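Each reported figure results from applying straightforward, stated rules to the coordinates on display, with no laboratory input. Just so you know, these numbers come straight off a predicted model, no measurement behind them. No Cβ is skipped: glycine too gets one built from the backbone with ideal geometry, and neighbour counts run over all protein chains shown.
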Amino acid sequence: MKSSKKSKIEKLVDEQVKIISRGMEEILPLEDFEKKIKKSIEQNKPLKIKFGVDPTSPDLHLGHAVILHKLKQFQDFGHIVILLIGDYTARVGDPSGRSVTRPQLSPKKIEKNAKTYTDQAFKILDPKKTRIDYNSRWFSKMNFNDLLKLTSKFTIARLLERDDFSIRYQKGTPIFLHEFLYPVMQGYDSVALKSDVEIGGTDQKFNMLAGRSLQIDFGQDPQVVITMPILEGIDGVQRMSKSLGNYIGLTEPAKEMFGKVMSIPDELMIRYFNLATNLEEDEVKKIEKGLNDGTLHPAEVKRRLGREIVTLYYDRKTALEAQAEFDRVFKEKKLPSEIPEFKVPREIFKNSKVWVVRLLVTIGFAKSNSNARRLIEQGGVKINNKIIKSPELELKIKENDIIQVGKRKFARLVISH
């Protein structure tokens, strides 16, 4: 009877470890993770899974969602996710993966971003199984003596083991004292929360292990560290980032989301299926096999990828509509079914004409005159489906003319009176 019960628990442990292990980079250490899962099942007590985010920008994208989907798997097994908003650490700025110092944010900006983060995270996470916390809850109460005690747990040599710090040190690039405090603060977050598991990108490995080390110093059962791969952006080169413009936002319109998926390099499709969809592993392997043996066409596979991703954040019907709109514009070379109107103020006209560069900047399709010139020189600007070849051109526009920049930006021009 006893061995039968043990066998059942072992099967439950194996199931959790198998599903949670899919798509991750490392579980450190794996034996501790298995022990924690086993104890959780035996005591019917959920684990506390920590995921910290610094609200440094207002939007989440598919790169963030890689971790959020993994957290949802923990929730499906009954564990509690602690979504820790780093409203205090955001004042420092995470130096992970950075060659320069991050700008520090104002408390007002941090608060605004934090609100959008939580709203967007619940597109994936179960709110009933999610605990929202803020690290200002403990850091705002610390005095200087507390800080001295905490920093005494770390050596400069250890902090310089971090790649980003060591590279900057070797190059002579300044490292400011407050940046050294970041991994110390993130580590202490784990102590304050008494987390069982912390999950983050591979760039967070040092910080998360610092948390494990600090928990031991504070007499706690150390957390297990799970690292997740960092998703490349739609350019296929650099990590997904809003600042790089290579991102797919979780709250973007479905048609925009589908169109961006269709622009990713073919070689990234399987990685996106694994990290950005909920398809079963066996199904992804079938798709990969079909691509390799030529029985599946890459264009059709990418269309399916687009449908799967849009369905995750909207629904199947909306995904099919987004696909139909993409076909309409890119296959059939027709105008989008809905084109936003942009008012063109009279004051930018000169002798009833408008300089095309100024027009692009005015309607927000270019960030600057130089950016507008570059778009035109690259052949990326059209008016009524005709390519504009010269950035010096002055246009005589009329009501309802259609201007297009790139593949996905359209505007119907309305002249304000």
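For His61, list long-range residues whose amide hydrogen, built 1.01 Å from N in the peptide plane, is under 5 Å from its own amide hydrogen. For His61, whose amide H was placed from the backbone, the distant partners under 5 Å are Leu250. Separation of the range 367-396 from the range 131-172 is 49 Å, based on Cα centroids.
Our note on the geometry: Cα centres of the range 224-275 and the range 175-223, 27 Å apart. Counted residue by residue at 0.36 nm each, then reduced by the alpha carbon distance between them, the extension gain from Lys149 to Gln73 reaches 23.7 nm. Taking amide H positions as placed in the peptide plane 1.01 Å from N, state which residues far from Ile175 in sequence (5 or more) or on other chains have amide H under 5 Å from it. Those qualifying (amide H under 5 Å, at least 5 residues apart or on another chain) number zero.
A convex hull fitted around the alpha carbon atoms of the range 289-401 yields 159 Å³ per residue. Between Gly233, Gly78, Gly249, the Gaussian network model of the chain with springs among Cα atoms under 10 angstrom shows the greatest mean-square fluctuation at Gly78.
Highest GNM mean-square fluctuation among Asp293, Asp164, Asp221, for the chain modelled with Cα contacts below 10 Å: Asp293.
Mean residue ellipticity at 222 nm, helices only, the chain: -14000 deg cm²/dmol; runs of at least 4 DSSP H residues each add -39,500 (n - 2.57), and the sum is divided by the number of residues. Near Ile82, the amide H atoms lying under 5 Å from its own belong to Ile49, Lys50, Phe51, Arg131; only residues 5 or more places off or on other chains count, and H is placed 1.01 Å from N.
With a Förster radius of 56 Å applied to the beta-carbon distance between Asn369 and Glu267, the computed FRET efficiency rounds to 0.95. Mind checking the angle between helix 316-326 and the chain's longest principal axis? C-alpha axes, 0 to 90 degrees, to the nearest 10. Its long axis makes an angle of about 40 degrees.
Angle of helix 281-293 to the longest C-alpha principal axis of the chain, folded into 0 to 90 degrees and rounded to 10: 50°.
Using only the alpha-carbon atoms, how far is helix 298-313 inclined from the longest principal axis of the chain? Give it as 0 to 90 degrees, nearest 10. Result, in degrees: 70.
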